[in-house]
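See structure below.
Throughout, read-outs are computed from the coordinates displayed, never taken from laboratory work. What you are looking at is a predicted structure, and each value in this text was computed from that prediction instead of being measured. Ideal geometry is used to build each Cβ from the backbone, glycine not excepted, and the neighbour counts take in all protein chains shown.
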Ligand SMILES: NC(=O)c1ccc[n+]([C@@H]2O[C@H](COP(=O)([O-])OP(=O)(O)OC[C@H]3O[C@@H](n4cnc5c(N)ncnc54)[C@H](OP(=O)(O)O)[C@@H]3O)[C@@H](O)[C@H]2O)c1
């Protein structure tokens with residue numbers, strides 16, 4: 001079967017298509033035929049080594065597929081079930097994959113393969129960021145960076161449906177309309193304007209309750225600046241670079257801020273957490289709290305181009321690989 005492997009860390013050119021033999025699933029594992037694969041920014045961190053993985057390695061963490069074979073001790077699923085997933089084992093960029101059953105969730109009939117493959121990792125992330133990392137309240141003023149991105153479209157629309165006032169930043173004119181369509185009350189083009197000044201025009205100085213910052217290096221200082229006293233900084237990604245040093249006096253103590261640097265793994269430790277979170281995500285998409293428009297579809301052979309587009313800021317929402 002066809003799969004994508006890396007043998008060293010680097011740019012999109014290290015992604016190689018290989019044809020390999022696949023094993024049989026062991027006791028608690030299932031063999032899945034992938035029908036649609038989610039593309040996520042974290043895949044680029046694994047590829048570059050920012051989040052290192054043991055080499056050689058597959059790439060990809062989010063996919064929806066059909067179970068073709070189950071190990072002897074599998075209890076949760078059966079052959080023919082349609083499942084999706086949001087976490088390790090890495091290697092979702094593949095025609096088939098073997099995955100432990102406890103990493104999978106059942107996809108409701110009404111949710112398509114393509115949608116499931118972009119709302120499991122991204123949807124569960126939006127769920128824990130909005131409900132658990134910071135329990136969002138009606139009337140909260142939030143700032144989300146890269147609001148027209150894959151996760152951004154889901155999170156901003158969902159936050160809007162919860163009664164928050166949503167301010168989103170975007171990097172291009174084209175993305176302004178997309179962010180507005182997906183729940184942002186105000187959109188700031190941070191490539192053209194100073195987002196701190198623009199946020200202050202909307203909510204005043206120190207006016208934001210919570211910043212969700214997945215852009216990192218280029219936005220971190222400004223994100224801290226717009227927060228209210230005792231506001232919440234949720235730093236959850238590094239699209240522009242990793243923020244690895246925090247000055248407690250300047251960044252936290254000055255306004256008595258709360259700070260968290262969470263990852264989806266911290267919020268899906270127990271099987272119950274994963275199931276509960278996925279249930280909320282599927283309910284939210286089916287009740288229209290957020291909508292998904294796939295921005296681009298690639299084949300496995302086009303995977304290098306997919307990563308170039310994602311890192312080049314050319315994608316305008318969730319994108320998938322159809323194997
Ligand atoms: N911690 C977690 O649990 C978790 C889980 C999922 C995702 N994440 C993080 O959430 C963020 C969004 O993920 P995603 O997969 O949905 O990606 P995405 O938002 O579709 O893509 C990243 C966006 O970041 C913006 N960006 C700003 N500066 C950039 C730069 N120098 N290079 C590239 N992009 C830049 C671009 O939007 P503009 O052009 O509009 O600026 C780009 O479209 C990522 O940081 C990801 O790592 C974290």
>> If I build a Gaussian network model for the chain, linking alpha-carbon pairs within less than 10 angstrom, which residue out of 313, 82, 47 has the largest mean-square fluctuation?
In response: 313
>> Rounded to two decimal places and with Rh computed the Kirkwood way over Cα pairs, what is Rg over Rh for region 138-261?
In response: 0.94
> Plugging the Kirkwood radius over Cα pairs into Stokes-Einstein for region 86-163, at a temperature of 10 °C and a viscosity of 1.306 mPa s, what D comes out in µm²/s?
Replying inline: 111 µm²/s
> In the Gaussian network model of the chain, springs joining C-alpha atoms below 10 Å, which of 111, 30, 83 carries the largest mean-square fluctuation?
Replying inline: 111
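Rank-order 7-17, 149-159, 55-65, 276-286 by packing density, defined as the average count of other C-beta atoms within 10 Å over each peptide's residues, highest first.
Details: 7-17: 14.1, 149-159: 28.2, 55-65: 22.9, 276-286: 19.2.
Packing order, densest peptide first, comes out as 149-159, 55-65, 276-286, 7-17.
Would you list 26, 103 from fewest to most Cβ contacts within 10 Å?
On the way: 26 12, 103 18.
Taking fewest neighbouring Cβ atoms as first place, the list is 26, 103.
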>> Give me the one-decimal nm value for the distance between modelled label points at residue 255 and residue 279, 7 Å along each residue's Cα-to-Cβ direction.
In response: 3.7 nm
> In a GNM of the chain with a 10 Å cut-off on Cα contacts, which of 311, 21, 197 has the highest mean-square fluctuation?
Replying inline: 21
> Using 7 Å Cα-to-Cβ label points, what is the residue 246/residue 266 separation (nm, one decimal)?
Replying inline: 0.8 nm
>> I need the peptides 293-299, 210-216, 48-54 ranked by packing, meaning the mean over residues of other C-beta atoms within 10 angstrom, with the highest value on top.
In response: 210-216, 293-299, 48-54
> For 1, 162, what ranking results if the residue with the fewest other Cβ atoms within 10 Å of its Cβ goes first?
Replying inline: 1, 162
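Restricting to the chain, what percent of DSSP beta bridges are antiparallel, rounded to 5? Walk me through the intermediate numbers first.
Numbers: 29 of 51 bridges.
Approximately 55 percent, going by the DSSP bridge assignments.
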>> Once the convex hull of the alpha carbons of the chain is built, what does its volume come to per residue, in cubic angstrom?
In response: 121 Å³
> Between region 41-108 and region 263-318, what is the C-alpha centre distance in whole Å?
Replying inline: 14 Å
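I need the calculated FRET efficiency for the pair residue 293 and residue 1, taking r as the beta carbon distance and R₀ as 41 Å, to the nearest 0.05.
On the way: r = 30 Å, r/R0 = 0.72.
It comes to 0.90.
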> Hey, what did region 70-148 get for relative contact order, percent, Cα under 8 Å, at least 6 apart?
Replying inline: 28 percent
